[in-house]
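Taking it in order: structure first as C-alpha cells, then the write-up.
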Amino acid sequence: MGETGMSESQSSWRRSPFFCGSLAGWLIGMLWWTGLLVAFALKDGIEHSSKASLLVYAPLIAIPWAAIGLLVGATNAMLRGYWVPIAAFLGTLGGGFYSIATSPFDGWLAITMPIACMSGTFIGLVVGVPPRIMLGWLKGWEDSL
C-alpha cells in the first residue's frame, strides 16, 4: 500500500456523506453558539459581558447539531445530490427564524432555538425527501426504490 493507497483511503472518508454531514452539523452548531454569544454580548454591552469565556463550550454544545448533520448525511447517502441538504438547511433556517420571532431574547433562547432549528431540519427532510424520491424515480436517477 503505497502513497496512492493511503491518499485514496483518506479521500474516501472525506467524501463520505456521513462524515460531511456530521462535520457540517458540528460547524453549524459552533457557528450558532458563537453567534448567540456575540448577540448577547452586543445586547448586554461588550464591556459588561463575560460571554467570551463561554466560547470554550462551543465544541461540546455543537455535538447535538453534529448528530442532526449525521442524519442529513445518512439520508443524503441514499439520495445523492444537493436536494436533501438544501431542504434540511432551509428547515434549519426556518426553525431559527421561528424561534427568533416567537421567543424573547433571553437565556432561554439557548434552549428554544436549537429545538426549533432541529425540528425545522426534520420538517425540511420530511417535506424535501419525498419530492426528491419522486423526481428521481420519474427521471430514472434511482435504479430501484
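The values are calculated or read from the model by the stated rules, or taken from the named source; none is laboratory data. In this text the structure is predicted, and so the values were computed from the model without any measurement. Cβ: placed from backbone, ideal geometry, glycine included. Neighbour counts: every protein chain shown. The accessibility values were calculated without ligands, DNA or RNA, using every heavy atom of the protein model including side chains. Shrake-Rupley method; radii C 1.70, N 1.55, O 1.52, S 1.80 Å.
Remarks
Results for (1) without any contact (Cβ under 8 Å) to a residue 12 or more places away in the chain; (2) closer than 30 Å to Gly140 by Cβ, shown as yes or no for each residue.
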position	(1), (2)
Leu55	no, no
Trp65	no, no
Tyr82	yes, yes
Pro85	no, yes
Ala88	no, yes
Ser99	no, no
Phe105	no, no
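- From the options Gly96, Gly81, Gly120, residue that is small (Gly, Ala, Ser) and under 18 Å from Val38 (Cβ atoms): Gly96
- Pairs linking a residue in region 20-39 that is under 25 Å from Arg80 (Cβ atoms) to a residue that is open to solvent by less than 50 Å² (accessible area, probe 1.4 Å) and not in a helix (DSSP H, G or I), with Cβ atoms under 6 Å and 6 or more positions apart or on different chains, are Trp26/Ala62; Gly29/Ala62.
- Complete set of residues in region 83-101 that are out of contact with any Leu (no Cβ under 8 Å at 6 or more places or on another chain) and open to solvent by less than 80 Å² (accessible area, probe 1.4 Å): Pro85, Thr92, Leu93, Gly94, Gly95, Gly96
- One residue alone among Met78, Met118 is open to solvent by 40 Å² or more (accessible area, probe 1.4 Å) and either at pLDDT 90 or above or within 20 Å of Ser16 (Cα to Cα) (or both), and that residue is Met78.
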